[in-house]
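Have a look at the structure below, then the notes.
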Amino acid sequence: MEHESHHHHHPHGTGLRWLDIVLGVCATVVSLVSLWLGIHSAHSMEKLVAANSYPYVDLMRSMGSDIPLPGTDRNRRVVEYLLANNGVGPARVEWVELRYKGKPVANIDDLLDACCATKAHDTSGVDRRGNVVNALIPPRASVKLFTWTEQPHANADFDTLHRSMKDIAVSACYCSVFDECYVRRENNAEKPEAVAHCPAPELAFAPRFRTD
């Protein structure tokens, strides 16, 4: 029985050694350039996706409202603090720090203890979130820490805190959906600081009362 012999075919050279070398080098260069272009394109696409998901949180406060105060010719005053996402991607809040005259406070009761002389605080009219950790702020939306709206009856705590808003500083750390994190200090004139992860604050603030 005869067996067929199979011959392996190899690319034929040009017959000119120097030309074969040049063509081989050119093919290698083209392959390397193609590889570089592929990597660069993937990196550019990654940066584009990250840019289209970039959160930009501003620390906001408000001292007045458009709600009339009964029996007067003026609107109600408010003490309001919130985080506003003015970026193009959602922001996940890792922590908030609130300082009164440079000292961090843990909650609204601690803030009132620090600012106000009364022992029993009248907190009627306070609307607070309760917690902000892991809160997700969509683009062009905001998360309220707490709002204290002036009530018709006199309240020394409210009056004192409203006058003391200049002594309150808020900081926050938040991350994008790709876990790119930023620290926003109380001075909104500075850009958020990019960080590898959210470092633990000296004392995180939870917008709630001690009895919650």
| task | Only residues that are of a type in the set (Asp, Glu), over 24 Å from Lys101 (Cβ atoms) and under 14 Å from the mean Cα position of the chain (by Cα): list them for the stretch 170-212, please. | result | Asp179, Glu180
| Do we find that Pro152 is surrounded by fewer than 16 Cβ atoms within 10 Å (Cβ to Cβ), modelled with pLDDT of 95 or more and farther than 16 Å from Ile108 by Cα in this structure? | no
| Residue among Asp212, Asp159, Asp179 that is over 17 Å from Leu83 (Cβ atoms) and in contact (Cβ under 8 Å) with a residue 40 or more places away in the chain | Asp212
| query | Going by the structure shown, is Arg140 among the basic types (Lys, Arg), at positive phi and open to solvent by 60 Å² or more (accessible area, probe 1.4 Å)? | reply | yes
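The values are calculated or read from the model by the stated rules, or taken from the named source; none is laboratory data. What you see is a predicted model; the values in this text were computed from it and never measured. Neighbour counts run over all protein chains shown; Cβ positions are idealised from the backbone, glycine included. In case anyone asks, the SASA skips ligands and DNA or RNA and just uses the protein heavy atoms, side chains included. Shrake-Rupley method; radii C 1.70, N 1.55, O 1.52, S 1.80 Å.
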